[in-house]
Structures are given as structure tokens and as C-alpha cells.
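The values are calculated or read from the model by the stated rules, or taken from the named source; none is laboratory data. If you're wondering where the values come from, they're calculated on a predicted model, not measured in any experiment. Reconstructed Cβ throughout: ideal geometry from the backbone, glycine too, with neighbour counts over all protein chains shown. Remember, those area values only see protein heavy atoms, side chains included, never the ligands or the DNA or RNA. Shrake-Rupley method; radii C 1.70, N 1.55, O 1.52, S 1.80 Å.
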Amino acid sequence: APPGSDTYKGWLFKWTNYLKGYQRRWFVLSNGLLSYYRTQAEMAHTCRGTINLSTAHIDTEDSCNIVLSNGGRTYHLKANSEVERQRWVTALELAKAKAIRMRNNQSDDSGDEEPASQSDKSELHGPLKTLSSKLEDLSTCNELIAKHGAALQRSLSELENLRLPADSGEKIKAVNERATLFRITSNAMINACRDFLDLAESHSRKWQRLLQHEREQRIRLEETIEQLAKQHNSLERACRGAPGLATGTASSSSTAKGGVQSAKGEASDEDEETEYFDAMEDAPAFITVTADPKHHRRSGSNLSGASEGHPEDWTLEDSVFESSNQSSYNESTGKDLLPRKRRRTRIPDKPNYSLNLWSIMKNCIGKELSKIPMPVNFNEPLSMLQRLTEDLEYHELLDKAVKCESSTEQMCFVAAFSVSSYSTTVHRTAKPFNPLLGETYELDRLDELGFRSLCEQVSHHPPAAAHHVYSRRGWTLWQEITIASKFRGKYLSIMPLGVIHLEFHSSGNHYVWRKVTSTVHNIIVGKLWIDQSGEIEIVNHKSKDKCQLKFTPYSYFSRDVPRKVTGVVSDADGKAHYVMSGTWDERMECSKIVHSSHGSTSTEGKQKTVYQTLSPKVLWRKYPLPENAENMYFFSELALTLNEPEERVAPTDSRLRPDQRLMESGRWDEANVEKQRLEEKQRAVRRRREAEAVEALEEGKDYEGYIPLWFERKVDAITGELICVYKGGYWEAKDKQDWSVCPDIF
């Protein structure tokens, strides 16, 4: 390294004692400290001595010697030549100047300022101190140039005054050495200048970006404040235009108990408990006002008829909604099922392995992106097929939906079920294992919970998984999901592509919906966290009922509850029946609409709809996580059982995947080796399949490619898309234990 750099290393001779004299030692100059070692290998474990240059005195005895003294410690050093000696002297003087400046700056900064203010100013003070340090380097180099320049001038003068030819050789040699020293110092100054300019340029760009960011933040904040003001104004107008709850008077006992008036009047004290729900951007804006159910039980004939049944059904005879608060569906309708099998409640704790990103990156140099082996450090010990099966954790919601006589009530449970599938993702930032082509996963809970599920990886590029669930309680669910992702610098957007179908056997109601976008934030720096955003439209293709759910993305400026979900259930005529509200990580509630009216037009030109509802009912509430979940990948009770070994499963089942099993056991190094072997085996199969396709093309034959084992491709009659649906045969093969059609993928 040049003398002007922050670190300088090299061999010097150090005086030890009169017996051994000068001994060769390896010296390292860094951060104002000069340390020495017997060999370069000793740098990793043993330092023989260190001297602080900030208080040291640097002296030169002759053409090759250097003397460093600091208090009672003195180093007598010798270089191989005067040129080498001068290089070290230059580096030592620069390091000493930097050490003195650092010491002074530290003493200046140790005032009475609070630690918080110190950290706030560190980002600004750091570059300024660095620039000042480089400027001081230039000044030091300038002094050295002046010093050596004067010596060079003296040497030239002596050369001019020479008369004897015998002296000319020595003088010319001295001139050459002085010129060499001058060149070395000049190079050091040039390097310092270059560092100064590069640093100034880079920090200039950084400050410009910071300034631009602050301007954008200010504009965004102004727009947010303006929008809040408009919303506040429109909210006031909508409230003035909504039917109010009258105050109690002595002459009218019915209105004193919360009666609804058609004319405008003063709001009663019940307005303090009024709940408001923000409108969806792409749906009609609405406001929800909670009404008194006692009054509506007496005057149900005066309602607008927005709901399909009478209001008293909501609190007296609605056994479906009341049963949603029960902890287990078996208590009411599951008496014909066998007792639940005892399953595991914990897995080995996650090892605390450090992740060296550089060791991963350097192994990726020169390799194709598809062939880069990603370590299991980024994974959790579950496959994508098992994560897909986790959507059934709250299957009780669909069991309750079977009992609903009204299709709009049934829609509420289906909507709550669609939201509940995201509750397991709030802490699960690790990615599941990518399934191998032909990999399957079964979850047979027919005797315990009334359903059995089967997943199969039906495509590898692009990755696609087919899923089929049958429940003897009266419903069937199927889907084919393809994952598309986009890396956008600071976050990763994961977009599930595909349609989810749900059909109830007795009523024939067929529901269809798609998943929302999942976003993983702080990919590069910071703690990972997940957010869900977008809209879900659930459509009953038999009755044409719809439910529009909006997942509100997290916003720093929003006052809404984080992870908020709102929506409205409406019939085929567009008449609203229920208001859905809650969060995707905790609970979902349903409020029955008993009256609807249009408020005044907002400042944005949209007319707000005011829904008067009964008190909300909790349809779904998240189960608490098991004890010690933070050390078990934040798995839920169901997730802990998904990879539990079971007998009689197919040889392609995810439970038998060796790398996943090794990772769950905490043997991550072995899991990485096994994972790389499986991926290479899959690539070999793919290359063979591509060669067969080329051969078939040359012979003029059709090549079908990979054919799924338990699913077949059909055109969806509703969406018109080509999807994989279950063709049967798996459970029969399991009963016979005939797995001859299964490939050897592990």
C-alpha cells in the first residue's frame, strides 16, 4: 500500500538485544498504531508489541535507521535502504497526524451533549471529519515536498560547484536518491488528492440524494395532510346527511331506547360508540353506524330490508354465528368422528448459525442464476406444498358455512376463511423449500377432522402446485397456484397466480377467489417483515353474491390499525347485507346491515353510503402460538405436525425429503450437501427430458412432457383457464400400498 493509505505493511529490522542484534520483523501500521510480529502468520493470533503514534516521537539517525519513542518504550528500526526508510517515515508521519486529529476530535466530542444527539449528528459529522482528514494529509504531503525539494536544490547546487571529477559520482548518486524521494512523496500526495476528490464526489451525490428524499417526503406529507383534511370534511358532511339516533324524551319512550328517525335530529350519547369504517378506493365509499338491536326487534317491519332475514335472527336464532365462538366444532356436530390422534407439539430448536453473505456470493461467481445453491439458512423446514396445506388451519369456518341457509351468511364465513390463511405469515419470514417435480404431500385427517388433502408439484418452470381437499362435512376445495415474484430493491413482491375454488355439496354454491400480493420488506438491510396488500373479490357463481375485501397496506402516516381488512357482502342485485372488518393476523368480524342510506357527496365527488348495522360478531380469531414458538420458526400447532413422520405415505411425500428432515434436526451442514445433491439430480432429469423432446421433434412426433401423477389438466369452466384438477387414484393406491407409478425423486 502507498504511504498515504490508512494501512501500511512491510518488513523492517528491529533491535532486540546485544546478543541477537537486529532481527527481521513484520510491521503493520493501521489506525495510528504500529504493531509488529515475528512472521506474517502471527497476525492471526499473536502481536509482539504495539506503539501509539499519537504521542510518539519519530526520529532518523542515519540513512536507514528509524527511532520511535513513546514514554518509556523505544523502537530502534532499520530499513533495507534509504528509499525504504523514507517510505516508512512518510507513512508514520501521516499516521501520527491522523492519530492526533482523531484524539482531538474525540476530546472535542466528549462534551455535555446527549447520546441521542450524538448519534443524530454522526452521519453528517463522519464525512466532514473524513474530508478534513484528507485535507490534512495534503498539507502534510505539501510540507514533505517542500522539505525534500529544498534538499534537492542543495544537492544540485553542490553539483554545480564540483571541480574534482572524483566527487561527481557520489554527488550524482545523492541527487538521484533525492529525486527518488521526491517522486515517492509526490505520488503519495497525488494518491491523497485522488482520495479526497473521490470522497468529495461520492458524498456530494449522497447529500443530493438525501436532499431530494427530504423534498419528496415533505411533498408526500403535505399531500397526506391535504387528503386527511378532505376526508375529515367529507366525513362531517356524510354524518350530517345520515339518519341520526334521536335523543330520549319523556313523551316518546321508544325513541328514548335508540329508535331510528327518518328526519334529521340531534345525536344521542350512543354516538360515542359509533364505529366508522374507511372506504375502499375502488369500491363505493361507506360509513358504518352501530344501531341498538332492542329497538329493531320491535320495529323490524320499518327497516329497509337490506338483510335477507329479520333482525332478531342475528341475536336470538342465529345458531351458526353463535357457534363461531366455540373452540371446537366437534362439540356440536362432530360426534361421529374419532378422537383426535396425539401429535407432536414441538420440534428441535432452530440453531443459532451465523450467515456469511460473502461466502455465499463468492461461490456464485461465474455460475448461472438457476444453478446457484442457496443454503438452508434462508429456509424453514417445510416445503411449499406443506405451506399450501396450512391454509386449512381454520377449516372449521367452512364446516360452519355448510350449516348456513342464506348464501350471503355463507359468504361471510368464506370471506373469513380466505383472510385466515394469511395469519400464519406475520412472523414467518423464512422461505419454504421449493418442491421437486413430482413431489407430493398428503394430510389425511378424515377420521379426526373430516377432511383429507393432497398437493402435488405439477410444474417446475414455472413452479406450480395443485391442491385438492375433500371434506365429508360437505365441501370440496381445489386450486393450482403459481408463484411470481419481483425484486424491487428494498422489498420483494410475491404474487400468487391462480384461482381458488370452493364448492358446497348440498347447496351447490361455488365460490371463486384469488390471493393478494405478499411483500417482504427490508431484504437488504434491517429486520424482515411481511405485509399483505390488494383486494380479494369472492364470487358465488350460483347465486351471484359477491364480497369485496380490501387489504390495506401498511403506511407510516396512516392512523388505521395495521394489517387492516374491510369489505362488504352484497347479493346479485348489488344490495349490501353484511360489513366485514378486522385484521388478517388476528380476527375478522361481521356486522349485519339493517338500514342503508346515501350521505352527502364528498369533496372528491363520491357519494358515501351509510350502513346502519347491528353489533358485530366475531367469525374468526387466530389461535395463540405454541410455547417457545420463536425458537421453532414461529410455527403454529398445525405447522408443527405437518412434517411429523407418518407411515404408509407415498415415497414422493415431502416428509421423506432428506434435506428438509436434516434441517429440522438441526444438521444444517449436512442438509446443504443433501439439498445440492437433490437439485443436481433434478437438473439431470430435466436435461434428459429436454433431450427426449428434441429427439421427438426431429422424428416428427409429439412430446407431451411431464405428466402429473394424480392430477390432470382441464379447462376451467368458470375462468376459462387451463388448470390441474384431481383425477383420483391416490387414496386407493394408499389403501393398496401400490406406489409403482411414483418416480424416484429423493
Residues of region 495-531 classified as of a type in the set (A, V, I, L, M, F, W, C), open to solvent by 50 Å² or more (accessible area, probe 1.4 Å) and not in a loop (DSSP other than H, G, I, E, B), total: 2
Test: Asp735 is exposed (fewer than 10 other Cβ atoms within 10 Å of the Cβ) and in contact (Cβ under 8 Å) with a residue 40 or more places away in the chain: no
Among the residues of region 534-552, how many are outside any strand (DSSP E or B), surrounded by fewer than 21 Cβ atoms within 10 Å (Cβ to Cβ) and in contact (Cβ under 8 Å) with a residue 60 or more places away in the chain? 3
Considering only residues that are β-branched (Val, Ile, Thr) and part of a strand (DSSP E or B), look in region 30-77 and name the one that is surrounded by the most Cβ atoms within 10 Å (Cβ to Cβ). Ile66
Of the listed residues (Ser359, Ser354, Ser370, Ser328), the one being within 24 Å of the chain's Cα centre (by Cα), at pLDDT below 55 and not hydrophobic (A, V, I, L, M, F, W, C) is Ser370
Every residue from region 673-701 that is open to solvent by less than 50 Å² (accessible area, probe 1.4 Å), closer than 22 Å to Phe746 by Cβ and either outside the structural domain of Leu436 (by the TED database) or hydrophobic (A, V, I, L, M, F, W, C) (or both): Leu678, Ala684, Val685
In region 78-93, how many residues are open to solvent by less than 60 Å² (accessible area, probe 1.4 Å), in contact with a Phe, Trp or Tyr (Cβ under 7 Å, 6 or more places away or on another chain) and not in a helix (DSSP H, G or I)? 1
Across (1) touching a helix residue (DSSP H, G or I) at 6+ places or on another chain (Cβ under 8 Å); (2) farther than 29 Å from Leu397 by Cβ, Met632 clears everything bar (2)
Take Arg24 and decide whether it is of a type in the set (D, E, K, R), in a strand (DSSP E or B) and free of Cβ contacts under 8 Å to residues at least 40 places away in the same chain. yes
Considering region 487-510 alone, what residues qualify as being modelled with pLDDT of 95 or more and among the charged types (D, E, K, R)? Glu503
Here the residues within region 553-598 that are of a type in the set (Val, Ile, Thr) and open to solvent by 10 Å² or more (accessible area, probe 1.4 Å) are Val561, Val568, Thr583
Can you find even one residue in region 97-110 that is at pLDDT 85 or above, surrounded by 12 or more Cβ atoms within 10 Å (Cβ to Cβ), out of contact with any Asp or Glu (no Cβ under 8 Å at 6 or more places or on another chain) and among the charged types (D, E, K, R)? no
